[in-house]
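Notes follow once the structure below has been shown.
The values are calculated or read from the model by the stated rules, or taken from the named source; none is laboratory data. Keep in mind it's a predicted model, so treat the numbers as computed, not measured. So basically every Cβ, Gly included, is an ideal-geometry build from the backbone, and we count neighbours across all protein chains shown.
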Amino acid sequence: MTFTTPTLLKSARYCVSATLLLCAALTSHAAIPIAHWTQPSGAQVYLVESPAIPMVDVQIDFDAGARRDPKDKPGLANLMAASTAYGVKARGSEPALDENGLSDAWADLGASFGGSAGADRLSFALRSLTYPDLLEKATALAARELADPAYPEAPWLRDRPKLIASLKEANTRPATLAGRAFARAVYRDHPYGAESTEETLGRISAADMRALHAQALRACSAKVSIVGALDRAQADALVTRLLANLPATGCDALPAVAEVEPLAAAHEERIAFASAQAHVLLGQPGVKRNSPDFFALTVANHILGGGGFTARLTEEVREKRGLTYSVYSYFSPGLHAGAFTIGLQTRPDQAQQALDLVREVLAKFVTEGPTEKELQAAKDNLIGGFALRLDSNRKLLDNVANIAWNNLPLDYLETWTTQVQRLTAAEIRAAFARAVQPDRMVTVVLGAEEAK
């Protein structure tokens, strides 16, 4: 959809300028003050004032992500959040809006609102200009969509076949099949490894969405992150209006979700598939986001496989042997231990050679850690590129929401480069050895030729 109203054209020009102004601000001022307070309802608010342009980005998070989906209905939280766009119920003098009316209302405001669910949290995002007349209307509309979604059955019954068709198409892709096999083997019965299927989508109804919405959305449990041209008083008033129609009680402690169990032994799967490329995945449960080793593992992974062409895996597997175009590694920490993953694609006839080399490089890195040269190069790269993590309001909001959700120190962004700079090679080696056990890993190889 293309918008051409004068207000939106002005907004687009502001957005272009915003990135340049924010970059300049971050370069000249290391401090990124985050104000934090708790409202009478119990909602927690985190604010970074960014007055360069008259715009605000808001993220509202609830502990209702995929890890809390019913076991027989994975994907329910994400579908519930996204389906708020199907329309809103009438409230007071405000008439009901169907999905077309709601979409048109947002287009008229030049603002946006939507929901989604990740592994750990259910999130809603609002973006609007801060001109008082526009922001007041956008906030009121967002409050309605947040608290009073209609969840009509017809649009869901219309869209469910499209999702099923998308699943069927995904099941023809080798990367999808390899990734699912890997997740099942790493997470086993933990909800991090749950996946939607044609059967599970068929079990989900609009009534399930309404029930989950009524259960999960409470003002008292909301964490609200804000970046934009608002001061504290204005931000507090905005949050109050956004959450006004949500229940402010019923925030008793939720049932604990089981932890991801470490692997007791190695596990390997070979999947036959007619593919031009073999897909190789290697990994295991890694660490939680609140691990004290987080910074050390960030640097370690950059050196091993996360640093692109400078990474050790790239040097050994691609540059020296030409076994793959790309090889990578990453940690995906969450409230529970997310996977540590190494992945590559290669010719089917050389998949075993590539896998053997990856295992050799990994084992050596666990035992010896990085060289001083590798460590300094990684620090220079990570610290030098830190401003790019914050060069737009949206990226800054992502970081503030990360701080809020994981209960990180409010000065986390201000001390990030110091935390990276102080690390020694010995500390990185020790942290990586604690997190990664090469003899207890899941290996998935899809599409490789069988050994003769």
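Give the residue that is farthest from L396 (Cα to Cα), with candidates limited to residues of region 416-433 that are surrounded by 14 or more Cβ atoms within 10 Å (Cβ to Cβ) and of a type in the set (D, E, K, R). Among residues in region 416-433 that are surrounded by 14 or more Cβ atoms within 10 Å (Cβ to Cβ) and of a type in the set (D, E, K, R), the one farthest from L396 (Cα to Cα) is R429. Screening A181 against (1) touching a residue at least 12 places away in the same chain (Cβ under 8 Å); (2) touching a helix residue (DSSP H, G or I) at 6+ places or on another chain (Cβ under 7 Å) leaves a single unmet condition, (2). Taking the criterion of being under 17 Å from the mean Cα position of the chain (by Cα), of a type in the set (A, V, I, L, M, F, W, C) and in a strand (DSSP E or B), would at least one residue in region 111-123 satisfy it? Yes; the residues of region 111-123 include at least one that is under 17 Å from the mean Cα position of the chain (by Cα), of a type in the set (A, V, I, L, M, F, W, C) and in a strand (DSSP E or B).
Let's see how each residue does on (1) touching a residue at least 40 places away in the same chain (Cβ under 8 Å); (2) under 17 Å from F124 (Cα atoms); (3) acidic (D, E):
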residue	(1), (2), (3)
K373	no, no, no
Q376	no, no, no
N381	yes, no, no
L388	no, no, no
S392	yes, no, no
K395	no, yes, no
V400	yes, yes, no
N407	yes, no, no
L410	yes, no, no
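Can you confirm whether region 384-394 contains a residue that is modelled with pLDDT of 95 or more and farther than 22 Å from A52 by Cβ? Among the residues of region 384-394, at least one is modelled with pLDDT of 95 or more and farther than 22 Å from A52 by Cβ, which makes the answer yes.
Take the conditions without any contact (Cβ under 8 Å) to a residue 60 or more places away in the chain and within 26 Å of the chain's Cα centre (by Cα) and apply them to T418. Does it pass?
On the way: without any contact (Cβ under 8 Å) to a residue 60 or more places away in the chain: yes; within 26 Å of the chain's Cα centre (by Cα): yes.
Yes; evaluated as a whole, the condition is true for this residue.
Among A258, A265, A276, which is the only one that is at pLDDT 95 or above, part of a loop (DSSP other than H, G, I, E, B), more than 22 Å from the chain's Cα centre (by Cα) and more than 27 Å from G87 (Cβ to Cβ)?
Values: A258 fails: more than 22 Å from the chain's Cα centre (by Cα); A276 fails: at pLDDT 95 or above.
Answer to the check: A265.
With respect to the conditions (1) at pLDDT 95 or above; (2) surrounded by fewer than 17 Cβ atoms within 10 Å (Cβ to Cβ); (3) outside the structural domain of V317 (by TED's automatic domain parsing), P292 lacks only one, and its number is (3).
Quickly run through region 40-69 and pick out the residues that are in a loop (DSSP other than H, G, I, E, B), within 23 Å of D120 (Cα to Cα) and either free of Cβ contacts under 8 Å to residues at least 12 places away in the same chain or touching a strand residue (DSSP E or B) at 6+ places or on another chain (Cβ under 9 Å) (or both).
If we filter region 40-69 for residues that are in a loop (DSSP other than H, G, I, E, B), which is where we start, we get 40-43, 50-54, 63-65, 69.
Next cut, within 23 Å of D120 (Cα to Cα) only: 41-43, 63-65, 69.
Passing the criteria: A43, D63, A64, G65, D69.
Checked against (1) part of a helix (DSSP H, G or I); (2) surrounded by 18 or more Cβ atoms within 10 Å (Cβ to Cβ); (3) not assigned by TED's automatic domain parsing to the domain that holds T139, V239 meets all criteria but (3).
In the condition set (1) hydrophobic (A, V, I, L, M, F, W, C); (2) part of a helix (DSSP H, G or I); (3) under 18 Å from L242 (Cβ atoms), L79 is compliant with all but (3). Keeping to region 371-396, report how many residues are surrounded by fewer than 12 Cβ atoms within 10 Å (Cβ to Cβ) and among the basic types (K, R). So the count comes out to 1. Taking residues in region 433-448 that are of a type in the set (D, E), and partners anywhere that are part of a loop (DSSP other than H, G, I, E, B) and surrounded by fewer than 22 Cβ atoms within 10 Å (Cβ to Cβ), the pairs with Cβ atoms closer than 9 Å and at least 6 places apart or on different chains are D439/A265; D439/A266.
Quick check on R188: is it in contact with a Cys (Cβ under 7 Å, 6 or more places away or on another chain) and of a type in the set (D, E, K, R)? Considered against the rule, which asks whether it is in contact with a Cys (Cβ under 7 Å, 6 or more places away or on another chain) and of a type in the set (D, E, K, R), R188 comes out as no. Can you confirm whether region 17-39 contains a residue that is under 25 Å from L246 (Cβ atoms), crowded, with 16+ Cβ neighbours inside 10 Å and either within 24 Å of the chain's Cα centre (by Cα) or modelled with pLDDT of 95 or more (or both)? Among the residues of region 17-39, at least one is under 25 Å from L246 (Cβ atoms), crowded, with 16+ Cβ neighbours inside 10 Å and either within 24 Å of the chain's Cα centre (by Cα) or modelled with pLDDT of 95 or more (or both), which makes the answer yes. Looking across region 87-135, the residues that are surrounded by fewer than 19 Cβ atoms within 10 Å (Cβ to Cβ) and of a type in the set (K, R) come down to K89, R91.
If we scan region 271-279, do we find a residue that is outside the structural domain of A142 (by TED's automatic domain parsing) and buried (at least 20 other Cβ atoms within 10 Å of the Cβ)? Yes, that holds for at least one residue. Within region 138-166, track down each residue that is more than 16 Å from D208 (Cα to Cα), crowded, with 16+ Cβ neighbours inside 10 Å and among the basic types (K, R). The answer is R144, and nothing else.
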